[in-house]
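Visitor: Next up is a structure, given as structure tokens.
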Amino acid sequence: MTESDPLRPSLTWRQDVPVSERFDDPYFSRENGLEETRHTFLRGNDLPERLRPGFHVAELGFGTGLNLMALAAIAPCPIRMTSFEAFAMAPEDLARATARWQDDLGPVRAALLTAYDPRGGTFQIGPVTLTLLIGEAATTLPDWTGTADAWFLDGFAPARNPDLWSDDLMQQVARHTSSGGTFATYTSAGAVRRALGAAGFTVRKVPGFGRKRDMSVGRLDASPSSKTER
């Protein structure tokens, strides 16, 4: 591996669901990963209703690209997405992990598999212009000059991957959110909700997907104290 290559995740496969050996956590719900994404990240951010040309989604944790594909499948207009990922999957692992959604997401999956580069870059996936930033979010997010209208907070579980849910990182999420912007996440952990609330979001618990009782959503009602270029 050269210095320009990203770190690869160490994976275990359980019925073709990839599980991170580093964090001992699956990349998506074994129950129904696509429906979980639609419930948590799309409906949790009131999408597609809010989408308009130039709308910008940002994401912590690209993983298998499932959230991107689900978004691209319902976007009615050209939008942007920026995803932050520390451990990019190898292309062959991405192909295996997403094979189950060939019937539901075939065109956008094909576009992703054709364009995907684990070193990052900017790719066109249907109506979504994706910028994939590789590296620890604690470093890459503060240096980002963008502002998101909606966030998908999709790191591994806070108890297993606390760095991606730290108070400092949640402050950076708020700093890079437009006034009135939103977030959604599958977790309802108290520490995460408090960190997002302290960062300036109005945070609510709402019903989670499937057997998960709660998840969290929120809105940044006031302009962030430190604005960045949109």
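The values are calculated or read from the model by the stated rules, or taken from the named source; none is laboratory data. Values in this document were obtained by computation on a predicted structure and should not be read as measured data. Here Cβ is always computed from backbone atoms with ideal geometry, including for glycine, and neighbour counts include all displayed protein chains. Just the protein is used for accessible areas: all its heavy atoms, side chains included, with ligands, DNA and RNA removed. Shrake-Rupley method; radii C 1.70, N 1.55, O 1.52, S 1.80 Å.
Visitor: At a 1.4 Å probe, what is the % contribution of carbon and sulfur to the accessible area of the chain?
Guide: The nonpolar share, carbon plus sulfur, comes to 46 percent.
Visitor: Going by the alpha-carbon gyration tensor, a ≥ b ≥ c the square roots of its eigenvalues, is region 1-60 rounded (a/c under 1.5) or, if a/c is not under 1.5, prolate (a/b greater than b/c) versus oblate?
Guide: Note, shape of region 1-60 comes out oblate.
Visitor: Can you work out D for the chain in µm² s⁻¹ from Stokes-Einstein, where Rh is the Kirkwood radius over C-alpha pairs, the temperature is 20 °C and the viscosity is 1.002 mPa s?
Guide: Estimated via Stokes-Einstein, D reaches 122 µm²/s.
Visitor: With every atom except the alpha carbons ignored, what do you get for Rg and Dmax of region 33-139, in angstroms?
Guide: For region 33-139, the Cα radius of gyration and maximum Cα-Cα distance read 12.8, 37 Å.
Visitor: Work out how much length Ser179 to Asp167 would gain on full extension: take 0.36 nm times their residue separation and subtract the Cα-Cα distance, in nm to one decimal.
Guide: So the extension gain works out to 2.3 nm.
Visitor: Another question about this same structure. Suppose each label sits 7 Å from its Cα in the direction of the beta carbon; what would the Gln15-Ala99 distance come out to in nanometres?
Guide: If labels sit at Gln15 and Ala99, their model points lie 1.6 nm apart.
Visitor: Something else about it: Can you give me the distance in nm between label points at Arg213 and Thr129, each placed 7 Å from the Cα along the Cα-to-Cβ direction?
Guide: In this crude spin-label approximation the distance works out to 4.4 nm.
Visitor: For the chain, list the DSSP H helices whose alpha carbon atoms reach 18 Å or more along the long axis and whose average Kyte-Doolittle value is -1.0 or above?
Guide: The qualifying helices are 102-115.
Visitor: Then there is this: Over the chain, average the accessible area per residue using a 1.4 Å probe and give it in Å², no decimals.
Guide: For the chain, the per-residue accessible area is 45 Å².
Visitor: Let me ask something additional. Antiparallel DSSP bridges in the chain: what percent, to the nearest 5?
Guide: Of all bridge pairs located within the chain, approximately 50 percent are antiparallel.
Visitor: PRE reach from Asp221 (point 7 Å along Cα→Cβ): which of region 155-192 fall under 12 Å by backbone N?
Guide: Under cut-off, by backbone N: 180.
Visitor: Let me ask something else about it. What does the extension gain come out to for Arg8 and Ala198, with contour length at 0.36 nm per residue minus their alpha carbon separation?
Guide: Difference between extended and current length: 65.1 nm.
Visitor: Let me ask something else about it. Rounded to the nearest 500 deg cm²/dmol, what is the calculated helix-only ellipticity per residue at 222 nm for the chain, with -39500 (n - 2.57) per DSSP H run of length n ≥ 4?
Guide: Rounded to the nearest 500, the figure is -7500 deg cm²/dmol.
Visitor: Also: Run the numbers on the chain and let me know its relative contact order in percent, using alpha-carbon pairs under 8 Å that are six or more apart.
Guide: It comes to 20 percent, rounded to a whole number.
Visitor: Oh, and also: So what does log10 I(q)/I(0) come out to for region 114-224 at q = 0.10, 0.15, 0.19, 0.24 Å⁻¹, using the Debye formula with one equal point on every Cα and no solvent?
Guide: Cα-only, vacuum Debye calculation for region 114-224: -0.31, -0.70, -1.06, -1.36.
Visitor: Can you give me the distance in nm between label points at Lys205 and Ile74, each placed 7 Å from the Cα along the Cα-to-Cβ direction?
Guide: A separation of 2.4 nm, rounded to one decimal place.
Visitor: Could you sort the peptides 58-67, 124-133 by per-residue average Cβ neighbour count (10 Å cutoff), highest mean leading?
Guide: 58-67, 124-133
Visitor: So if each residue of separation counts as 0.36 nm, and I subtract the Cα-Cα distance between Ala159 and Glu92, what length gain in nm does that give?
Guide: Using 0.36 nm per residue and subtracting the Cα-Cα distance, I get 21.2 nm.
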